[in-house]
Amino acid sequence: MDNLSTADTGGAVETRGIEPVPDHERRGRVRELFPTWVAANISVLLLTMGAALVVFNRLNFWQVLVVAACAALVSFGLVGVVSVSGKWGGAPGATLSRATFGVRGNLFPGAILWIARFGWETINAVTGAYAVLTVLDLLFGVRSNTALIVVTLVAFVAATFLVSGLGRKALNICNTWSTYLFGVFSVLVLGYLIATMPWSEVFAKPAGTTAMMIAGIGTIAAGGISWVPTGPDFARYLPHSASGRKIVGVTVSGAGLVMVPMVLMGAVMAVASPGLADAADPVSFLGDLLPTWLAVPYLLTAIVGMLLINSLSMYSAGFTAQTMGVKLPRAMAVSINAVISLVAGLLLMLVAKSFLGSFITFLILLAVSFSAWIGVYAVDMFRRRRRAVRYDADALMDTSRNSRYWYTGGFCWQAMVSWVLALLTGLAFTKCDWFAGPLSGTPIGRYGLAWAATIVISAAIMAVLPTPREKAPAAGSDTEPVTEPAADLQAERSEAVTV
């Protein structure tokens, strides 16, 4: 058995680890997810990505609007759907995934997701550090140098570590207030842009190709797709009776409320300053486009937002580390990610030549690596939706041969075959600065649809293979699956078509 923390103390610091939340502690509300997914998208990187759609993909204003809306709907629609399994099992996605891949099999996709999470945290930490450097320049005229870069990045990562270690309750409070603050200043920035931007030039820009729109959707959606496996982490305190439709709706609306206007603002800014899409860093351009009285408070709220994004990411990464066998409390397991993001961040800020090029390449590979997991997990969810016992709480924590999720040698071969084949095929369709697969010249590769193909392939293979047979509890075992209340089960079945 995994023997980590076993209770949530109810204080400021969450002590619960990867173990499922008991029914009597499931007092969360669906609306609490809204500020979580708003905060998860408070990043000036969306401005840079919106600018890239205009400069590199050559899209016009209306096409960028469609791309941003579709990206939010697709990516966070997947986050919302997978989040439903969190209220089914009351456990983080990394733990629930044991029921899909097997106790040992789960270590392989878990390792890929953990490594990818390092990269995402590094990108966010670097962006936050650049924002701090820009504020120092605007307010005090302090120019960036190597020593200041090191100090700034260390401070940002340390703050992220402290906030993520507090846990769900503290993050919910921080997310709510950052949503209000960022919303106010975003409205001010939007008003300034409306009053000062050359709108005749913005709307006169010719339309780009459909292929570039499709590729743009994949690029913008990649960030959201990276949140899919961690969606259950934030829904595990919801009671069984929580509406699956509302979980999906709140997730998409919270993310879309930020994603769409931020991407559009970046596209509009690119018309006035085309060089911002390939600037040396993703933040300093705001000091050139906005007056200091607006740029500084906007950047300060953005710094808080990026701090929270990284804290949410590290919060979930702590669960992944525990699932991978790290014998530390969740708050301490987060320290592994903090150290790695610090080292990688220094390399990106001091050695890498192009931030945007590295970022776009990372997004492309990130989307494919997460998509193979998504397809397999989604089919497994579909098969569990009508079961009285969707997840066995004790079996999820049992890593012995007696576990219900031991399957064959600790591996669910159907899930592993589906995941490996889809991942390899998706990489074959992928093309980026570091890598070009043998199938990258096909329409799927040219349109940037490797991530979508990976989801479809993994789901299709998993669906046609025989349904995995879970191991029966050993004779005399005191492990009793917890069945969901009949009324809650009936309510969930009534919305099974949606979820």
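Round to a whole number: what % of the accessible area of the range 371-432 belongs to carbon and sulfur, probe 1.4 Å?
The value for the range 371-432 is 63 percent carbon and sulfur by accessible area.
Going by accessible area, probe 1.4 Å, with all protein chains left in place, what is the ranking of 19, 201, largest first?
Numbers: 19 20, 201 105 Å².
Ranked from most to least accessible, the order is 201, 19.
Dividing the summed helix terms, -39500 (n - 2.57) for each DSSP H run of n ≥ 4, by the number of residues in the chain produces a 222 nm estimate of -22500 deg cm²/dmol to the nearest 500. Ranking of 36, 467 by solvent-accessible surface, largest first: 467, 36 (1.4 Å probe, protein heavy atoms only, all chains present). Using a simple spin-label model with pseudo-atoms 7 Å out from Cα toward Cβ, residue 188 and residue 26 lie 4.3 nm apart. The accessible surface of the range 104-160, taken with every protein chain in place and a 1.4 Å probe, is 74 percent carbon and sulfur. Only protein heavy atoms count here; under a 1.4 Å probe, residue 173 has an accessible surface of about 100 Å².
Residue 151 to residue 408: extension gain in nm, 0.36 nm per residue of separation minus the Cα-Cα distance? All intermediate terms of the calculation are to be shown ahead of the outcome.
On the way: separation 257, 0.36 × 257 = 92.52 nm, distance 4.98 nm.
That works out to 87.5 nm of additional length.
Leaving out ligands, DNA and RNA, what percent of the accessible area of the range 173-328 is carbon and sulfur, probe 1.4 Å? So the carbon and sulfur contribution to the accessible surface is 71 percent. Summing charges over neighbours of residue 144, with a neighbour being any other residue whose Cβ is under 12 Å away from its Cβ, gives -1 when K and R count +1 and D and E count -1.
Among 169/327; 87/431; 205/431, which pairs are too far apart, with a Cα-Cα distance over 31 Å? Result: 87/431 exceed 31 Å.
Mind ranking 455, 112 by accessible surface for me, highest first, 1.4 Å probe? Spell out each step's value before the answer.
Working: 455 30, 112 55 Å².
Largest accessible area first, the residues go 112, 455.
A full extension of the chain between residue 245 and residue 471 corresponds to an added length of 78.2 nm, given 0.36 nm per residue minus the alpha carbon distance.
Sort the chain into rounded, prolate or oblate with this rule: let a ≥ b ≥ c be the square roots of the eigenvalues of the Cα gyration tensor; rounded if a/c is under 1.5, and if a/c is not under 1.5, prolate when a/b is larger than b/c, oblate otherwise.
Numbers: a/c = 1.79, a/b = 1.53, b/c = 1.18.
Prolate, because a/c is 1.5 or more and a/b exceeds b/c.
Only protein heavy atoms count here; under a 1.4 Å probe, residue 385 has an accessible surface of about 50 Å².
What lysines does residue 471 reach when the alpha-carbon gap must be under 16 Å and sequence neighbours fewer than 8 apart in one chain are set aside? Qualifying lysines at Cα under 16 Å: none.
Please say if the range 103-178 is rounded, prolate or oblate, where rounded means a/c under 1.5 for a ≥ b ≥ c the square roots of the C-alpha gyration tensor eigenvalues, and otherwise the choice is prolate for a/b larger than b/c and oblate otherwise? Could the numbers behind the result be given before it?
Details: a/c = 3.28, a/b = 1.68, b/c = 1.95.
Taking the square roots of the gyration eigenvalues as a ≥ b ≥ c, the range 103-178 is oblate.
The residues of the chain present an accessible area of 38 Å² per residue when probed at 1.4 Å with all protein chains retained.
The values are calculated or read from the model by the stated rules, or taken from the named source; none is laboratory data. Predicted model only: the values in this text are computed from it and were never measured. All Cβ positions, even for glycine, are placed from backbone atoms using ideal geometry, and neighbour counts span all protein chains on display. Heads up: the accessible areas ignore ligands, DNA and RNA and are worked out on the full protein's heavy atoms, side chains in. Shrake-Rupley method; radii C 1.70, N 1.55, O 1.52, S 1.80 Å.
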